1. Restricting to Cα atoms and excluding each atom paired with itself, what does the Kirkwood estimate give for the chain in Å?
2. Remind me, relative contact order of the stretch 128-197 in percent, using alpha carbon pairs under 8 angstrom and six or more residues apart?
3. In a GNM of the chain with a 10 Å cut-off on Cα contacts, which of Asn106, Asn96, Asn215 has the highest mean-square fluctuation?
4. Suppose every Lys and Arg Cβ carries +1 and every Asp and Glu Cβ carries -1, with no other charges. What dipole size does the chain come out with about its Cα centre, to the nearest 20 debye?
5. Connecting C-alpha atoms closer than 10 Å in a GNM of the chain, tell me which of Leu151, Leu174, Leu219 has the biggest fluctuation.
6. Taking the chain as a Gaussian network, where each spring joins two C-alpha atoms under 10 Å apart, which residue of Glu237, Glu87, Glu191 fluctuates the most?
7. What relative contact order, as a whole-number percentage, does the chain give when Cα pairs under 8 Å and 6 or more residues apart are counted?
Amino acid sequence: MMMETESDLSRESWRLFRILSEFVDGFETLSDINSAVTVFGSARTKTDDPYYNLAVDCGRKLVLKDYAVITGGGPGIMEAANKGAFEAGGISVGLNISLPTEQAPNPYQTRELTFRYFFARKVMFVKYASGFICFPGGFGTMDEFFESMTLIQTLKTAPFPVILIGKDFWGGLLSWIKQTMLEKYHYVSPEDMDLFRLTDSVDEAIQIIHECTINQTPLGPQPPADMPAHAIKPTAEGTRYGIDPRFTGQRLPQPPREKK
């Protein structure tokens, strides 16, 4: 086993400043945004794809409802949503990511940031968004959808509307979640199927988000009445403090030790 040298440890410590700088840049650039919607979807979507045109329409209509539009800053669906927001004269944010396979930023961003770390970028997606709209996409889109489900299901964040666009694309996945995760293995609860909405209509998606925002009636679960106030106190990162598991007084049984 190789021992860490003092220079190795020093480099690891200095790396913290790089991480910190990404949060500082993000907070300073986006701090004046009062209400935004984050739009996810594939970077591989072509400009002649119906979903591309739908995402352009989505970006435009969000701006007309006084929302800023946040995307990952790349091509495909991200470009389309930024394009709609840009052409409507709204705030069009691109949170780009530095990748080995270089991602070219789309030209429709009024505010542009580049992140080295996915986790810092994800904080910005959640912190400033009143809702998520997920168009068809690949592993990245799945990651963003399921992370939002995890945050809402565990009460780690105040619930926000998550809308899936494209019944043909998402239908198979949602059937698998229902039939396999829920009904066969019971790894999710029936109420977890209500944490999101599925539609083919951009107008419906925006209306759901707008009604949830205006009426403060989120789609997700509410904390139990007996939950301590400090557990649901919001953090500056857009999540909740929660309860430290070391101080709940409840521990799982210790596994038996083997006799020597």
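1. Mean inverse Cα-Cα distance, inverted, gives 20.0 Å.
2. The normalised contact order for the stretch 128-197 reaches 36 percent.
3. Asn215
4. Dipole about the Cα centre, nearest 20: 760 debye.
5. Leu174
6. With Cα springs under 10 Å in the chain, the top fluctuation among Glu237, Glu87, Glu191 is at Glu191.
7. Normalised by residue count, the contact order of the chain is 16 percent.
Every number here is computed from the coordinates shown, using simple stated rules; none is lab data. Because the structure is a prediction, the values reported are computed rather than measured. With ideal geometry, Cβ positions are generated from the backbone for all residues, glycine too; neighbour counts draw on all protein chains shown.
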